[in-house]
1. Is there any pair with a first residue in region A:1-18 that is at the interface with chain B (Cβ under 10 Å from one of its Cβ atoms) and in contact (Cβ under 8 Å) with a residue 60 or more places away in the chain and a second that is within 13 Å of the ligand (Cβ to nearest atom) and open to solvent by 30 Å² or more (accessible area, probe 1.4 Å) whose Cβ atoms are under 8 Å apart and which are 6 or more apart or on different chains, and what are they?
2. Can B:ILE40 be described as closer than 22 Å to B:ALA147 by Cβ, within 14 Å of another protein chain (Cβ to nearest Cβ) and touching a residue at least 60 places away in the same chain (Cβ under 8 Å)?
3. Kindly list the number of the only condition in (1) in contact with a helix residue (DSSP H, G or I) (Cβ under 6 Å, 6 or more places away or on another chain); (2) under 17 Å from A:GLY16 (Cα atoms) that fails for B:LYS174.
4. Tally time: how many residues in region B:22-55 are surrounded by fewer than 19 Cβ atoms within 10 Å (Cβ to Cβ) and of a type outside the set (D, E, K, R)?
5. For A:LEU50, are the conditions met, namely being within 16 Å of the ligand (Cβ to nearest atom) and outside any loop (DSSP other than H, G, I, E, B)?
6. Restricted to region A:1-38, and to residues that are within 11 Å of the ligand (Cβ to nearest atom) and not in a helix (DSSP H, G or I), which residue is nearest to the chain's Cα centre (by Cα)?
Amino acid sequence: MTSCSRSDKVLAYLTGMLKPEERADFEEHLAGCRLCQRELELERAISGRLADGAEAPARLRLQVRKRLLLAYKPTFPWKSLAGIAGMVAAVALLVTSLARLLPPSTDRQLEAMLRIVQRNFASLASTGILGSWLLVGIALAGLATLIARVIPED
Amino acid sequence: MTAEPAVSELVERAKSGSREAFGRLAERYGDLVYGLSLRIARDTDMAEDLSQETFVKAFSKLHTLRKPESFVSWLCSIARRTALDHVRKGKRELTGLDRTLEIETATEDDPPAHLTGSKIIENALMKLGERDRELLTLAYYEELSLAEVGKILDIPEGNVRVYLYRARQRLRKKLKGFEDDLLQQIG
Ligand SMILES: [Zn+2]
């Protein structure tokens, strides 16, 4: 015998399509039928293969990351960062312009430090993001210089 | 080993802009999205492109996802829409030409002995209708309930099981002649 007339019930049994009494009845048949047992084993193997699913190429993850970087501007809080950077720039400019007013005898280390601040500021400004803050910074610094000039030196 | 963060936690982090968190989600669901895309588009290269497209879309729309716990089914809906749109567009362009099957097809006269179990299944799936292919892909994904699968595929919840049963019947027919290969490769 190569087929059983009831083996078409195997899939219904496996997918929960049988009513309780049909189910019990079929289980009884299944216990004694090698062909239906084999069919059940096969259908279970198919279920297992389906559950394995397809496997995406390993490069997909990297491609997704790349696409996200290209497609979206970062959601990083640039505005507040620009605000902070602007304030830092204003302070830096203020300090450097004050430094220019200081007598040449001023500590060399301080001067070197100020130069570094100036350089960093220049590179920040060159990114263009800080354009508006740069103007504010310059204005503030200019004002500070003016005030510094007005205040008589000790 | 540190435990993998929960999906909903990753979703929340991704929602607040973390691409690192979203990258992990893409890694976790890459196979699922790719599998669904492949089974709709039936082309491996295209499935790769469509998967990328799906994740990029998902990231941009993440703020519209209200319940982080339904991320998986939400993602599947996007993947499905993306792939279906592509297929429909492609059909118009190619006027019925079925651009398929980098996956080799085996016929009854072609001895299938060299095919692996997953390839046999893949080939058989590709011969089924679109709805069956989608259903058989999603219903066996362990993180999705049949109710969720029904929602993704617009099948009434009460009918999902019957649809699945019929899809399995059709799949079984396409697997005639491969029984021994499939049985040999288990266990
Ligand atoms: Zn039997």
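The values are calculated or read from the model by the stated rules, or taken from the named source; none is laboratory data. Just so it is clear, the structure is predicted and the values come from calculations on it, not from any experiment. Virtual Cβ from ideal backbone geometry, glycine too; neighbours counted across all protein chains shown. When the accessible area is computed, the model is the full protein with side chains, heavy atoms only, and any ligands, DNA or RNA have been set aside. Shrake-Rupley method; radii C 1.70, N 1.55, O 1.52, S 1.80 Å.
1. none
2. Criteria met by B:ILE40.
3. Of everything listed in (1) in contact with a helix residue (DSSP H, G or I) (Cβ under 6 Å, 6 or more places away or on another chain); (2) under 17 Å from A:GLY16 (Cα atoms), B:LYS174 misses just condition (2).
4. 1
5. Judged against the criteria, A:LEU50 is not a match.
6. A:ASP8
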